[in-house]
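The values are calculated or read from the model by the stated rules, or taken from the named source; none is laboratory data. This is a predicted model, so every value here is computed, not measured. Every residue, glycine as well, gets a Cβ built from its backbone with ideal geometry; the counts of neighbours run over all protein chains shown. To get the accessible areas, we keep the full protein, side chains included, count just its heavy atoms, and leave off ligands, DNA and RNA. Shrake-Rupley method; radii C 1.70, N 1.55, O 1.52, S 1.80 Å.
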Amino acid sequence: MSDDDAKTQWLSGTGAVPSSAHVRCGGTCQDAVAASPRGRRHVAVFDGRGSAQFSELGSTAAAEALQRILEMLEPLLREALDAEHERSAQSWSLVGETTLRALHDEQRRVAEVAEVATCEVEFTVSIAIWGERRVGCIQLG
(Lines give C-alpha, C1' and ligand atoms only; values in the text may rest on other atoms or scores of the structure.)
Protein backbone atom coordinates (compact mmCIF):
# COMPACT_ATOMS: atom_id res chain seq x y z
CA MET A 1 0.00 0.00 0.00
CA SER A 2 1.43 3.42 -0.95
CA ASP A 3 1.52 6.36 1.45
CA ASP A 4 -1.31 7.98 -0.52
CA ASP A 5 -3.42 4.82 -0.19
CA ALA A 6 -2.72 4.70 3.55
CA LYS A 7 -3.84 8.30 3.96
CA THR A 8 -7.22 7.55 2.39
CA GLN A 9 -7.81 4.79 4.98
CA TRP A 10 -8.08 7.20 7.90
CA LEU A 11 -11.54 7.86 9.28
CA SER A 12 -12.64 10.16 12.05
CA GLY A 13 -15.53 10.42 14.42
CA THR A 14 -16.39 13.02 16.99
CA GLY A 15 -18.75 13.36 19.89
CA ALA A 16 -19.31 15.54 22.90
CA VAL A 17 -21.76 14.64 25.63
CA PRO A 18 -22.81 16.52 28.74
CA SER A 19 -21.31 15.47 32.04
CA SER A 20 -23.48 13.86 34.68
CA ALA A 21 -23.54 17.20 36.55
CA HIS A 22 -24.92 18.92 33.44
CA VAL A 23 -27.51 16.19 33.02
CA ARG A 24 -28.65 16.45 36.67
CA CYS A 25 -29.07 20.22 36.30
CA GLY A 26 -30.76 19.99 32.91
CA GLY A 27 -27.85 21.79 31.26
CA THR A 28 -26.61 21.35 27.72
CA CYS A 29 -23.26 20.06 26.58
CA GLN A 30 -21.06 23.13 26.24
CA ASP A 31 -18.24 21.31 24.46
CA ALA A 32 -17.50 20.40 20.86
CA VAL A 33 -14.99 18.23 19.04
CA ALA A 34 -13.53 18.56 15.54
CA ALA A 35 -11.46 16.02 13.63
CA SER A 36 -10.53 15.45 10.03
CA PRO A 37 -8.66 12.62 8.34
CA ARG A 38 -8.57 14.56 5.06
CA GLY A 39 -6.49 17.54 4.13
CA ARG A 40 -4.50 18.57 7.17
CA ARG A 41 -5.26 15.88 9.76
CA HIS A 42 -6.25 17.32 13.09
CA VAL A 43 -8.15 16.75 16.32
CA ALA A 44 -9.49 19.57 18.49
CA VAL A 45 -11.46 19.63 21.73
CA PHE A 46 -13.39 22.82 22.46
CA ASP A 47 -14.33 23.20 26.11
CA GLY A 48 -17.16 25.66 26.73
CA ARG A 49 -16.54 27.91 29.72
CA GLY A 50 -19.07 26.89 32.37
CA SER A 51 -19.70 30.44 33.57
CA ALA A 52 -20.43 31.63 30.01
CA GLN A 53 -24.17 31.38 29.48
CA PHE A 54 -23.97 30.45 25.77
CA SER A 55 -20.55 28.81 25.58
CA GLU A 56 -22.00 25.91 23.57
CA LEU A 57 -22.66 28.38 20.72
CA GLY A 58 -19.05 29.51 20.71
CA SER A 59 -17.48 26.07 21.00
CA THR A 60 -19.72 24.57 18.31
CA ALA A 61 -19.14 27.42 15.85
CA ALA A 62 -15.39 27.35 16.45
CA ALA A 63 -15.28 23.58 15.87
CA GLU A 64 -17.13 24.06 12.60
CA ALA A 65 -14.80 26.91 11.55
CA LEU A 66 -11.54 25.10 12.33
CA GLN A 67 -11.30 23.30 8.97
CA ARG A 68 -11.62 26.64 7.11
CA ILE A 69 -9.00 28.18 9.38
CA LEU A 70 -6.55 25.33 8.76
CA GLU A 71 -7.09 25.57 5.01
CA MET A 72 -6.26 29.28 5.20
CA LEU A 73 -3.13 28.47 7.22
CA GLU A 74 -1.92 25.62 4.99
CA PRO A 75 1.19 27.47 3.71
CA LEU A 76 2.28 28.13 7.30
CA LEU A 77 1.41 24.58 8.34
CA ARG A 78 3.59 23.19 5.54
CA GLU A 79 6.45 25.36 6.77
CA ALA A 80 5.91 24.42 10.43
CA LEU A 81 5.08 20.71 10.20
CA ASP A 82 6.38 19.39 6.88
CA ALA A 83 9.60 21.29 6.11
CA GLU A 84 13.09 19.98 6.93
CA HIS A 85 14.64 23.29 7.94
CA GLU A 86 15.02 24.89 11.35
CA ARG A 87 12.49 27.72 10.89
CA SER A 88 9.62 25.42 11.84
CA ALA A 89 9.45 26.69 15.46
CA GLN A 90 9.06 30.26 14.24
CA SER A 91 6.36 29.19 11.76
CA TRP A 92 4.58 27.18 14.44
CA SER A 93 4.43 30.21 16.72
CA LEU A 94 2.79 32.17 13.90
CA VAL A 95 0.32 29.32 13.34
CA GLY A 96 -0.71 29.49 17.02
CA GLU A 97 -1.11 33.26 17.01
CA THR A 98 -3.08 33.27 13.75
CA THR A 99 -5.31 30.41 14.90
CA LEU A 100 -6.07 32.29 18.11
CA ARG A 101 -7.03 35.45 16.19
CA ALA A 102 -9.23 33.50 13.77
CA LEU A 103 -11.04 31.67 16.58
CA HIS A 104 -11.57 34.94 18.46
CA ASP A 105 -13.02 36.43 15.26
CA GLU A 106 -15.41 33.48 15.08
CA GLN A 107 -16.32 33.98 18.74
CA ARG A 108 -17.13 37.65 18.11
CA ARG A 109 -19.18 36.75 15.01
CA VAL A 110 -21.24 34.20 16.96
CA ALA A 111 -21.84 36.65 19.82
CA GLU A 112 -23.00 39.30 17.37
CA VAL A 113 -25.42 36.93 15.63
CA ALA A 114 -26.76 35.70 19.01
CA GLU A 115 -26.91 39.31 20.27
CA VAL A 116 -24.99 38.48 23.43
CA ALA A 117 -21.73 39.69 24.93
CA THR A 118 -18.61 38.02 23.57
CA CYS A 119 -17.74 36.70 27.04
CA GLU A 120 -20.99 34.67 27.00
CA VAL A 121 -19.74 32.43 24.15
CA GLU A 122 -16.21 31.79 25.46
CA PHE A 123 -14.41 28.47 25.20
CA THR A 124 -10.94 26.97 25.43
CA VAL A 125 -9.46 24.63 22.85
CA SER A 126 -6.72 22.04 22.56
CA ILE A 127 -5.66 21.22 19.00
CA ALA A 128 -3.29 18.60 17.58
CA ILE A 129 -2.34 18.93 13.91
CA TRP A 130 -0.36 16.30 12.00
CA GLY A 131 2.35 17.05 9.47
CA GLU A 132 4.79 14.96 7.47
CA ARG A 133 7.62 15.48 9.98
CA ARG A 134 5.98 16.83 13.14
CA VAL A 135 2.81 16.97 15.14
CA GLY A 136 1.93 20.41 16.43
CA CYS A 137 -0.19 21.09 19.50
CA ILE A 138 -1.92 24.33 20.47
CA GLN A 139 -3.69 25.17 23.72
CA LEU A 140 -5.78 28.32 23.60
CA GLY A 141 -7.59 29.72 26.59
What are the pairs with Cβ atoms under 6 angstrom where one residue, in the range 66-81, is closer than 18 Å to Arg134 by Cα and the other, located anywhere, is charged (D, E, K, R)? Sequence gap at least six, or different chains. Leu70/Arg40; Leu77/Arg40; Leu81/Arg134
So which of Gln67, Gln53 is open to solvent by 50 Å² or more (accessible area, probe 1.4 Å) and either at pLDDT below 75 or under 15 Å from the mean Cα position of the chain (by Cα) (or both)? Gln67
Identify all residues within the range 35-50 that are under 21 Å from Cys119 (Cβ atoms), open to solvent by 40 Å² or more (accessible area, probe 1.4 Å) and modelled with pLDDT of 90 or more; write none if there are none. Val45
Is it true that some residue in the range 5-28 is open to solvent by 60 Å² or more (accessible area, probe 1.4 Å), at pLDDT 70 or above and not in a helix (DSSP H, G or I)? no
Give all pairs with beta carbons closer than 8 Å in which a residue from the range 107-125 that is part of a strand (DSSP E or B) meets a residue that is surrounded by fewer than 21 Cβ atoms within 10 Å (Cβ to Cβ) and β-branched (Val, Ile, Thr); count only pairs at least 6 apart in sequence or on separate chains. Val125/Val45; Val125/Ile138
Are any residues in the range 71-128 aliphatic (A, V, I, L, M), open to solvent by 50 Å² or more (accessible area, probe 1.4 Å) and within 19 Å of Gly58 (Cα to Cα), and if so, which ones? Leu100, Val113, Ala117
Those residues that are assigned to a strand (DSSP E or B) and either hydroxyl-bearing (Ser, Thr, Tyr) or on the phi > 0 side of the Ramachandran plot (or both), I need them from the range 126-141; list them, please. Ser126
